[in-house]
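J.: Dropping a structure here in structure tokens format, bear with me for questions.
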Amino acid sequence: MIFQALDGVSQPFINNNISRLVKSWFPEKEVGITTGLGTLSLFVGMMIGLVLTLLPFDMSRLNEALLI
């Protein structure tokens, strides 16, 4: 829950401005690949967060895990 809150706070600054951050941090010939990797990392991070959230729970108690 803490990381979801942090993601919600950072979303307007980082998640929606990947291309702007890449342009200011990387040389122009690397902008395309770094923008793609940055965008990909957002989705991979969400998938990892979903899996790690469910690991402490038995699959038989999935409804309780989703309610929490």
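J.: Between Val9 and Lys23, what is the spin-label point distance in nm, taking each point 7 Å from the Cα along the Cα→C-beta axis?
T.: Between Val9 and Lys23, the simple spin-label model gives 2.8 nm.
J.: Follow-up. Can you give the calculated 222 nm mean residue ellipticity of the chain, where each DSSP H run of n ≥ 4 adds -39,500 (n - 2.57) and the sum is split over every residue, rounded to the nearest 500 deg cm²/dmol?
T.: It comes out at -21500 deg cm²/dmol, rounded to the nearest 500.
J.: For the range 25-35, take each phi angle, set θ = phi - 60°, evaluate the Karplus expression 6.51 cos²θ - 1.76 cosθ + 1.60, and give the result in whole Hz per residue in order, putting x for glycine and proline.
T.: Along the range 25-35, the couplings run 9, 10, x, 4, 6, 9, 4, x, 5, 6, 5 Hz.
J.: If you don't mind, there's one more thing I want to ask. Please compute the modelled spin-label separation between Leu55 and Ser41, points set 7 Å along Cα→Cβ, answer in nm with one decimal.
T.: 2.0
Read-outs: derived from the displayed coordinates by stated rules, not from any lab. Computed from a predicted structure; not experimentally measured. We place every Cβ from the backbone using ideal geometry, glycine too, and count neighbours over all the protein chains shown.
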